[in-house]
1. Placing unit charges on C-beta atoms (Lys and Arg positive, Asp and Glu negative, everything else neutral), compute the dipole magnitude of the chain about its Cα centre in debye, rounded to 20.
2. With bins 5 Å wide starting at 0, give me the P(r) of the chain over every alpha carbon pair, in whole percents.
3. Under 8 Å for C-alpha pairs, at least 6 residues apart: give me the relative contact order for the chain, rounded to a whole percent.
4. Kindly provide the chymotrypsin sites (Phe, Trp or Tyr not before Pro) of the chain that DSSP labels as loop, not H, G, I, E or B, and whose Cβ sees at most 14 other Cβ atoms within 10 Å.
Amino acid sequence: MIYQIDWDGNPVSKYETDLPLSQICVSNSDDMVYAIANREENLLVEFALSGGNE
């Protein structure tokens, strides 16, 4: 699960994934998450943060 919060610590959104993720980072514009999906072969995945999926 990925929890998105604002700069004051208030919850914005919660995202669920069925992939085990590691090496998570957020874009400079705070609108994308990039991560490595740990599967048989590691995959680079990206998620758009919409800010409204609670």
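1. Details: 2 positive and 10 negative charges, 18 e Å.
Taking the Cα centre of the chain as origin, the dipole is about 80 debye.
2. 5, 19, 29, 25, 14, 6, 2, 0
3. On the way: 87 pairs, mean separation 15.9, N = 54.
It rounds to 29 percent for the chain.
4. Sparse-neighbourhood loop chymotrypsin sites (Phe, Trp or Tyr not before Pro): Trp7.
Quick note: the coordinates plus some simple rules give every number you see, no bench work behind them. Please read these numbers as outputs of a predicted model, since none were measured by experiment. Cβ coordinates were reconstructed from backbone atoms using ideal geometry, including for glycine residues, and neighbour counts include every protein chain displayed.
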